[in-house]
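Right, one structure below, let's go through it.
The values are calculated or read from the model by the stated rules, or taken from the named source; none is laboratory data. The shown structure was predicted, so the numbers you read here are calculated from the model rather than taken from an experiment. Cβ coordinates were reconstructed from backbone atoms using ideal geometry, including for glycine residues, and neighbour counts include every protein chain displayed. Please note that ligands, DNA and RNA were not included when accessible areas were found on the heavy atoms of the full protein model with its side chains. Shrake-Rupley method; radii C 1.70, N 1.55, O 1.52, S 1.80 Å.
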Amino acid sequence: MAQLNRRDVLVLGVGALAATQFTPATAAEGESIAHGVSAFGDLKYPADFKHFDYVNPSAPKGGVFSTIPSVRAFNQSFQTFNSLNAFILKGDGAQGMGLTFASLMARAGDEPDAMYGFAASSVAISADGLTYRFTMRPEARFHDGSKLTAKDAAFSLNILKAKGHPIITQQMRDFIKADATDDATLVVTFAPKRGRDVPLFVAALPIFSEAYYAKHPFDESTMEVPLGSGPYKVGPLESGRFISFERVKGWWGEKLPVNVGANNFDTVRYEFYRDRDVAFEGFSGRSYLYREEFTSRIWHTRYDFPAIRDGRVKREQVPDETPSGAQGWFINTRRDKFKDPRVREAIGCAFDFEWTNKTIMYGTYARTVSPFQNSDMMAVGPPSPEELVLLEPFRGKVPDEVFGAPFMPPASDGSGQDRALLRRGGQLLTEAGFVIKDRKRLTPSGEPFHVEFLLDEPAFQAHHMPFVKNLGTLGIEATVRLVDPVQARARRDDFDFDMVIERYSFSTVPGDALRNFFSSQSAATKGSNNLAGIADPAIDAMINQVIAADTRAKLVVAARALDRLIRVGRYWVPQWYSSTHRLAYWDVFEHPANLPKYTGVNAPDLWWAKSNPAAERSDPKGEAK
């Protein structure tokens, strides 16, 4: 079956407190200077580290990596693009634009939340953790040869705060300003009680050229190639069909420890398809070379073409140890008909996961129950004494169920039409005032109860049909609306839907990013990820507890309490998750033997082209010449 699992992974929550390498001789009073930052404890790598442990430092440069999009962020789509500005709300941003920009720091894949110097060589952190003073690398350059300075970094952070995508602006809520005291020194100021992850989110944002944007409006959708400073430049492209990126030869950052063994391909190319089945045909025909398979039906039935049988295409399953997050149908509680949690629970009773998994998805998935699925932050059993300390102030203001075992989606008998569950759903609807008249379910205002599923790709239609049928048994008129990706993105950003599928996950150290998904503020912010419209003071308070946690143990306790509050609201109908990445690729690639635990497959970042004629003869489209 088709799933979004592993497709929609945003870097959604990293911490920023501890600086572990000190240089008192050059630090101002009360400051500590570091080559990296993390949330809790020491950094793994010392100041003089040569490269990350998991990379191949001798990986050859060259060759082509071609694929279809498998992750997205901000305004990006899986099926199309019409803009090279991927950091604002307008337009559908092209995949891969992050390859063209440098950032202040870069993530380590084998630590939960650590980052190390990239365009900045070091950072001095004030004693109160509210001022970060970055020292810029003198060798940093934009692609036109102009110098990348602290002034460019300050401009970038300030413009993203003012005009960036709403997800960016929300996560920069505790960012106050950035100033360049000279070309080499960037001073970033944060608000008191800032989110733990805000400094690292800021350090990972792209650095733009202030001179370039003096002549170009930042907040406009455009197909003009922006001036970058990263390892790749935009190459040949065709809007909505493909975009390629060409490696910058002699790039200034190539030998930095955070980049050794990375960015190995001469060309990285993304192909766009509107249909998953057509996309698979493109892969089997060698129109592109790498594919992460998200459709269990295809994985189990279609990988039998000649190139598989003779070994020209390899299949591999890689364990995924990161938190799996939430995937499901999110119910838009901004609409009156969905405001009662009994109604939302009744809708969930109509989805038969057991039948769907067995019949459509070859039994390959487990049920998602929590936004912190597959992590120690997921609530289990009754609240611990530590959780109760956080929850007790809300007794009487939240359902009593919060103080028992967390809500679990009901398990069916696997028949596809579990009568006991459907009776339960009918009872809940009646209790909520949604009565049956002339075999139709009516809202309390007397209107027919209609539910529309918004969908942007046909692969999911098979999973909706039994759900729609069961809703019909409850008297609910349910329909599936398949729209093009541009319309789907616009309706999603405007919260113009009844129910929509989404998948998201958080890091092992979530922080301020939680506000974008669950806070009252984000519920009213166009373009946010709070699709369900969650606006609950108890949830807001618990998010603050997660953010304020100064130890890993306190963070886990607060996250579990937050999990209970979210799950009791029945804001989504949970779907499924997998504990592995299913990879297929033409046998022209290699990758590190031990892929990093916290950042997954890392293709194409850490992969490289095999030294063989097939790899060397591949053109940018991935076809043999």
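Structural remarks
- For Asp183, the accessible area of its heavy atoms, probed at 1.4 Å with every protein chain present, is near 70 square angstrom.
- Across the range 398-534, the fraction of Cα-Cα pairs farther apart than 20 Å, rounded to a whole number, is 62%.
- Two-decimal Rg/Rh across the range 62-138, once Rg and the Kirkwood Rh are taken from alpha-carbon atoms: 1.08
- Magnitude of the charge dipole, the range 400-528, Cβ model with Lys/Arg +1 and Asp/Glu -1, debye to 20: 300
- Cα-based helix-to-principal-axis angle, 552-568 vs the chain, degrees rounded to 10: 30
- Whole-Hz ³J(HN,Hα) from phi, Karplus 6.51 cos²θ - 1.76 cosθ + 1.60, for the range 266-276, glycine and proline x: 5, 9, 10, 10, 10, 9, 10, 10, 8, 9, 5
- Positive-end residue, the chain charge dipole about Cα centroid, Cβ charges, pick of Pro592, Ala191, Ala478: Ala478
- Across Lys163/Lys249; Lys90/Lys469; Lys177/Lys215; Lys61/Lys597; Lys61/Lys233, pairs whose alpha-carbon gap is larger than 27 Å: Lys163/Lys249; Lys90/Lys469
- D (Stokes-Einstein, µm²/s), Kirkwood Cα radius, the chain, 0.890 mPa s at 25 °C: 96
- Percentage, to the nearest whole number, of Cα pairs in the range 85-186 over 16 Å apart: 65
- Each part reduced to its alpha carbon centroid, the range 550-591 and the range 287-321 end up 24 Å apart.
- Sequence of Glu139, Glu292 from largest to smallest accessible area, 1.4 Å probe: Glu139, Glu292
- Solvent exposure of the chain amounts to 37 Å² per residue of accessible area, where only protein heavy atoms count and the probe is 1.4 Å.
- Surface listing: Trp576, Trp251 arranged by accessible area from highest to lowest gives Trp251, Trp576, probe 1.4 Å.
- Modelled spin labels at Glu477 and Phe305, positioned 7 Å past Cα toward Cβ, are 4.3 nm from each other.
- Helix axis angle, 461-473 relative to the chain longest principal axis, alpha carbon, degrees: 30
- P(r) tail fraction, the range 153-266 - alpha-carbon pairs more than 21 Å apart, %: 51
- When only the Cβ of Lys, Arg, Asp and Glu is charged (+1, +1, -1, -1), the dipole of the chain relative to its Cα centre reaches about 940 debye.
- Using a cutoff of 8 angstrom between alpha carbon atoms and counting only pairs six or more residues apart, the relative contact order for the range 36-160 works out to 17 percent.
- Among residues other than Pro46 with Cβ under 15 Å from its Cβ, the summed charge is -3 (Lys and Arg +1, Asp and Glu -1).
- Share of carbon and sulfur in the accessible heavy-atom surface of the chain [1.4 Å probe, %]: 52
- Pairs of Cα atoms nearer than 8 Å and 6+ residues apart set the relative contact order; for the chain it is 22 percent.
- Computed from Cα positions, the angle between helix 150-163 and the longest principal axis of the chain comes to roughly 20 degrees.
- Solvent-accessible area of Tyr585 with every protein chain in place, 1.4 Å probe, in Å² to the nearest 10: 10
- The range 250-338 has equivalent-ellipsoid semi-axes of 31, 26, 15 Å, by the square roots of 5 times the alpha carbon gyration tensor eigenvalues, sorted largest first.
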